[in-house]
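What follows is calculated from the coordinates using simple rules that are stated; it is not laboratory data. Quick caveat: nothing in here was measured; it's all calculated off a predicted structure. Cβ sites come from the backbone with ideal geometry, for glycine too, and all protein chains shown count toward neighbours.
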């Protein structure tokens, strides 16, 4: 059997979790949900599925030291820094080059670093099916999450006919990837049973994804060949990336490949999954008090409901008579934001980053 | 001319300004509005009207040191500590005893420590009229503030006929003190021109207020005589107060005397006045930004209106997409409260005071 690898994409900036998350300490390096950083949980979720030396982590220079410290089991040479962010297609391509360097016949999974999945066994079972499918036929496999509610915050995968059955589990052709729907459409998706949430988790052989990149995004592929040639010629990875990466197209793997390719499949999965993309999403993972308040640390709410209040020190945060607020206190910055405005936190952080007075808080 | 004194009542706890105000650092010791503590401003407002040795400050033991430090011009022996709070009637009685000890024929004004009055000349002019009235006839004079809006947060003085004219200014009989009205009633009061705001500022001779206390609250008066006898017998003030004060009736001067006495007059005044009883009231004294936000210190509001945001250090407080909030950050505690719930801050502070974890924040 050819070698299996897992490549974790850990390059996010996590603006949506400011002020807890910072440029050097984004969401995947924080224990946003659970007792360990999200990335550590992601690595530990692979325990028994692939050996640590078959795990790559693609991050950036600012975060590399922190990634190494929260993932002590992963060999340091497997933690790779992109010199600049070039979106997911470039990261997928880099992963392909790295994995092929280890084993030309390898298969690999691409996983986000910062999602919540508690059902490790269920997750590994689905991953096993996805690898089997990708190794059996030259297809691009995406993991489809069975929706549990008509969520409007996720993209969906519209499945087609069953193409394979592996270990009693169906692998479907993908009819289309669809954008985040409105509530009415999301309800229709949920009722039909033909739509899965797109979790951004992919499995393929290095050969399959190389072929797909070459076909659908030849400019990027040429850059990837330059990286491979550089490594084959004995050059240092960092030096090659420094030279080639900035010139790569900045495009997501979804736009570059998945939405164009004909040979895309999806494996249905039932494990719990949440990308916890915002403070309100975090609250779903904690037991609220009897008035719906999610409280962490030195906090107190009097006469208010459904707030998320977090203090990461012994500094008291007291909320009086307010409902549906996010209040997050850290050593040097405090955020106050209504839950229904959480999507604006990114904009706030951008504004702060543009202001010389507050750049130290990025 | 008999001697004139001013007695400033500086015993408040200022719960409504938590977390900036604390038990040992209440509102009158803070520069809530202006650059100096409110008490300092109150003392300086008397500059040229009475000499500093004729100013008494009645405070409590916890605050006495701080009072001395923010009022360096007032002689230390004039800063008197109540061993326990016994409301304003006891404070008025104590003031009477102290002032009579200096001059049996003296007159005195009782003033709150923490109000905002910018028009010092206008204030002193009215005070002069009030003293003249109180010295001309044995009456209890209260200063009536001409209302500028139909405020529902103040008690009102319903004036009767003109009783005297002094320096061209009318002194009216008081028909009644009335409780805080609803908005409709407040509008009627404003339109009638017969109602003034009750600012809790009184002027009388020591003899007049002694007689009134003896008549309307004889139990309290007996305690005051014990204090006088103790002082006449050469005992230390603190020791006498320690013995007598806890036994005094706890009642306001309004209930104990003003609402019962027949000989109450009011002087109309036009100087600016605000008791700034809450965070929303503070905001009236600062220039808001173009979206109505009152901002002090290291704060930033994005996409929100009419907030009050205060940070007393270089800790950034960022408000994102919220309207009409009070957010106050201090070194060890942060408050978040909708402006229309500001009256509940007192309750919050009481709850915190009852919780061993947070007593250090009182």
*asked:* Given contacts defined as C-alpha pairs under 8 Å and at least six residues apart, what's the relative contact order of the stretch A:153-296, whole-number percent?
replied: 25 percent
*If you count, for every residue in A:342-350, the Cβ atoms of partner chains within 10 Å of its Cβ, what is the mean?*
3
_Estimated 222 nm signal from helices in the protein assembly as shown, with DSSP H stretches of n ≥ 4 weighted -39500 (n - 2.57), rounded to 500_ = -9000 deg cm²/dmol
*With just the Cα atoms of the stretch A:109-263, tell me how far they stretch along each of the three principal axes, in Å, largest first.*
53, 35, 31
*Taking the highest mean first, how do the peptides B:28-37, A:177-186, B:81-90, A:231-240 order by number of other beta carbon atoms within 10 angstrom per residue?*
B:81-90, B:28-37, A:177-186, A:231-240
*Just how far, in whole angstrom, is the stretch B:294-362 from the stretch A:285-362 if you go by their alpha carbon centroids?*
12 Å
_Pairwise over distinct Cα atoms, reciprocal of the mean inverse distance: report the Kirkwood radius of chain B in Å, one decimal place._
21.6 Å
*Between copies, how far does the label point of residue A:3 sit from its twins, in nm, shortest first, when each point is 7 Å from Cα along Cα→Cβ?*
9.8
*At residue A:331, with labels set 7 Å past Cα in the Cβ direction, how many nm apart are the copies from this one, shortest first?*
1.7
*What is the average number of partner chain Cβ atoms found within 10 Å of a Cβ in A:335-341?*
6
*asked:* Test of understanding: what is the full-extension gain from residue A:262 to residue A:191, defined as 0.36 nm times their sequence separation minus their Cα-Cα distance?
replied: 22.9 nm
*asked:* How far apart, in nanometres, would the label points at residue A:355 and residue A:162 be if each is projected 7 angstrom from Cα along the Cα-to-Cβ direction?
replied: 5.8 nm
_Contact order normalised by residue count of the stretch A:279-361, Cα under 8 Å, 6+ apart, percent_ = 20 percent
*Counting only other chains, what is the mean number of Cβ atoms within 10 angstrom of the Cβ of each residue in peptide B:301-312?*
2
*From the label point of residue A:76, set 7 Å along Cα to the beta carbon, how far off in nm is each other copy's matching point, shortest first?*
6.5
*State whether the stretch B:279-361 is rounded, prolate or oblate according to the following rule on the C-alpha gyration tensor (a ≥ b ≥ c being the square roots of its eigenvalues): a/c under 1.5 gives rounded; otherwise a/b larger than b/c gives prolate, and the remaining case gives oblate.*
prolate
_Report for the protein assembly as shown the percent antiparallel among DSSP-assigned beta bridges with both residues inside it, nearest 5._
45 percent
*Report, in whole Å, the centroid distance computed from the Cα atoms of the stretch B:227-279 and the stretch A:153-207.*
77 Å
*Rounded to the nearest 10 degrees, what's the angle between the helix A:206-216 long axis and the longest principal axis of chain A, both from Cα atoms, 0 to 90?*
80 degrees
*Helix A:61-70: angle to the longest alpha-carbon principal axis of chain A, degrees 0 to 90, nearest 10?*
80 degrees
*Can you give the angle from 0 to 90° between the axis of helix B:183-192 and the longest principal axis of chain B, with both taken from C-alpha atoms, to the nearest 10?*
50 degrees
_Over chain B, relative contact order from alpha-carbon pairs under 8 Å, at least 6 apart, %_ = 19 percent
*Three principal axis extents, largest first, for the C-alpha atoms of the protein assembly as shown, in Å?*
109, 48, 42
_Order by protection proxy (mean Cβ within 10 Å, highest first), peptides A:328-339, B:337-348_ = A:328-339, B:337-348
